[in-house]
Amino acid sequence: MPPSPPMADREPVPQFLLESNWADFFHGFSLPFWSVGVIFRSKKLLWLSIFASVLSLIAFAAVVIFLLRHTADFVRLFGSRPRGWQGNIGYYLGAWLTFVVLLAIGANTLPLLLATPLQDPISEATEEACGDFSPPAFSTTAFLRNSAVAFVHTLARITFLLVGHLVLLSLHLLPVIGGALWSVVANAWTAGWLAGAYLDAPMARHLYPFRDVQGVIGDRLRLCFGFGAAVFVIVWIPVVNVFLIPLASVGGTLLYRGLRASGNLAAPPRLRVGGEV
């Protein structure tokens, strides 16, 4: 078997099979790391990624500092600190699991909000690097309008994430296993949400209705969940997590282009009007 080509020499658009298969999860998981090669193909994309990474670093540091100070307060909302060494072990385990979940939520929401104005430019530069795409001419008015729309969409997606987590808090009512079960399910919810959030960004830019986003995620669930799981894992990799926003934004755009290339996703609505199928 010949060696795999270097990242810089690979085709930028990932190739997916038309039908869902068990390898989908690993294909999806590789997308944020595949993004590294695409970022270094384009000087424009590289500088946008650096800027987004600086914002991500500031936001991530703020989330960590806040949670180190206040996670214990959040845990005490569900009961007072127990006595005895066994109670202390359970308390510290619960506090650690809570910190993990809250950090995952905060690290995937606050940086996303701060970098909202960069999401569309990063996605457009990614498609430009993939070929067969020309971004529209820059306009300050259009940039501000699109940034405002992207901010509203991002806020709506984050609200959806947080409402889901509020519902999942009810798992704490289950005796003994409630806290551990909440930690597992809440992290899985976050990973699944990440796939939808970063795939929705390029699809919304091309005017796809949200039902199309839901439909393609349902059709290629393992592929999309693998991508979301990879973005979730990046949060926990020191140094790499600084580049969370560009890796996830580029990866979501690559997922969109791969789904288009495989035939799982129809042409954007405005192109269908022009007669393309």
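The values are calculated or read from the model by the stated rules, or taken from the named source; none is laboratory data. What you see is a predicted model; the values in this text were computed from it and never measured. Note: ideal-geometry Cβ built from the backbone for every residue, glycine included; neighbour counts use all protein chains shown.
Assorted remarks:
- Breaking point among (1) more than 23 Å from Leu162 (Cβ to Cβ); (2) of a type in the set (Ser, Thr, Tyr); (3) part of a helix (DSSP H, G or I), for Tyr208: (3)
- Every condition in (1) under 16 Å from the mean Cα position of the chain (by Cα); (2) of a type outside the set (Lys, Arg); (3) closer than 21 Å to Val36 by Cα is met by Gly192 except one, and the failing one is (3).
- Every condition in (1) over 20 Å from Thr126 (Cβ atoms); (2) under 16 Å from the mean Cα position of the chain (by Cα) is met by Cys224 except one, and the failing one is (1).
- Test: residue in the range 196-205 that is farther than 21 Å from Thr126 by Cβ and either among the small types (Gly, Ala, Ser) or surrounded by 13 or more Cβ atoms within 10 Å (Cβ to Cβ) (or both): no
- Comparison of Pro175, Pro269, Pro238 shows that the only residue that is over 25 Å from Leu114 (Cα atoms) and without any contact (Cβ under 8 Å) to a residue 12 or more places away in the chain is Pro175.
- Taken over the range 235-277, the criterion of being modelled with pLDDT under 90, within 19 Å of Phe40 (Cβ to Cβ) and touching a Pro at 6+ places or on another chain (Cβ under 8 Å) is satisfied by Leu244, Ile245.
Conditions (1) part of a helix (DSSP H, G or I); (2) surrounded by fewer than 18 Cβ atoms within 10 Å (Cβ to Cβ); (3) modelled with pLDDT of 80 or more, marked per residue:
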residue: Ser4; (1), (2), (3): no, yes, no
residue: Pro14; (1), (2), (3): no, no, yes
residue: Trp22; (1), (2), (3): no, yes, yes
residue: Gly28; (1), (2), (3): yes, no, yes
residue: Pro32; (1), (2), (3): yes, no, yes
residue: Leu57; (1), (2), (3): yes, yes, yes
residue: Val64; (1), (2), (3): yes, yes, yes
residue: Val75; (1), (2), (3): yes, no, no
residue: Gln86; (1), (2), (3): yes, yes, no
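- Against the test of being modelled with pLDDT under 75, in a loop (DSSP other than H, G, I, E, B), farther than 21 Å from Val233 by Cα and not acidic (Asp, Glu), the options Pro136, Pro175 yield a single qualifying residue, Pro136.
- Filtered residues of the range 173-190 (kept if more than 21 Å from Ala107 (Cβ to Cβ) and surrounded by fewer than 15 Cβ atoms within 10 Å (Cβ to Cβ)): Leu173, Leu174, Pro175, Val176, Ile177, Ala180, Leu181
- Candidates Val216, Val250 - the one that is among the β-branched types (Val, Ile, Thr), under 27 Å from Glu19 (Cβ atoms) and crowded, with 24+ Cβ neighbours inside 10 Å: Val250
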